[in-house]
Each structure stands twice: as structure tokens, then as C-alpha cells.
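Asks: The structure that follows is given in the form of C-alpha cells.
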Amino acid sequence: MKTLYDVQQLLKKFGIYVYVGKRIWDIEVMALELDHLHEARVITDQDFMQAKLVLNHEHRIEVQKTNE
């Protein structure tokens, strides 16, 4: 899992589609949904960690864009 698209595809397997309107908000909601899937033990620790790393990276990029 290397891109935000990969994370979206993972969530899609569980019927989770996220579109809030702003990319940064979408990333934050995806992170919450991932947390819920991990707590429910329906995704592996490996998938969870990789997805969180991708989301954290994308979130940092969006924060930098807004600060410029």
C-alpha cells in the first residue's frame, strides 16, 4: 500500500466510501474509519500500519499546501 488510492481501495472492500469535499477532511475521515476497522479486528496490523503511514504522509502534504 503506497498511495491514497490504495487506502481508498482497502476501505472500499468494506463498503466504506469517503467523500467530504476537501481532500484533507477526506484523509482525516479515512483515518477514523481505519481506526474503527482495526479496533474491530477486520484488517491486519500490517495493513493498518501501512495505511496509516500513507494517510499521515498525505495529511502532511495537504497541511503544507494550505500553509503556503
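Asks: Here are Glu62, Glu68: which of them is free of Cβ contacts under 8 Å to residues at least 60 places away in the same chain and surrounded by 13 or more Cβ atoms within 10 Å (Cβ to Cβ)?
Replies: The unique qualifying residue is Glu62.
Asks: Right, next: What do you reckon, is Ile24 in contact (Cβ under 8 Å) with a residue 40 or more places away in the chain and within 13 Å of the chain's Cα centre (by Cα)?
Replies: Against the criterion (in contact (Cβ under 8 Å) with a residue 40 or more places away in the chain and within 13 Å of the chain's Cα centre (by Cα)), Ile24 qualifies.
Asks: Consider only pairs whose beta carbons are under 6 Å apart and that are at least six residues apart or on different chains; among these, list those whose first residue lies in segment 36-48 and is within 19 Å of Leu4 (Cβ to Cβ) and whose second residue is modelled with pLDDT of 95 or more and part of a loop (DSSP other than H, G, I, E, B).
Replies: Leu37/Ile43
Asks: Quick one: what pairs do we get from segment 1-20, first residue of a type in the set (D, E, K, R), second assigned to a helix (DSSP H, G or I), C-beta under 7 Å, 6+ apart or different chains?
Replies: Lys2/Val54; Asp6/Val54
The values are calculated or read from the model by the stated rules, or taken from the named source; none is laboratory data. All values reported here derive from a predicted model rather than from experimental measurement. Positions of Cβ are backbone-derived with ideal geometry, glycine not excepted, and every protein chain shown enters the neighbour counts.
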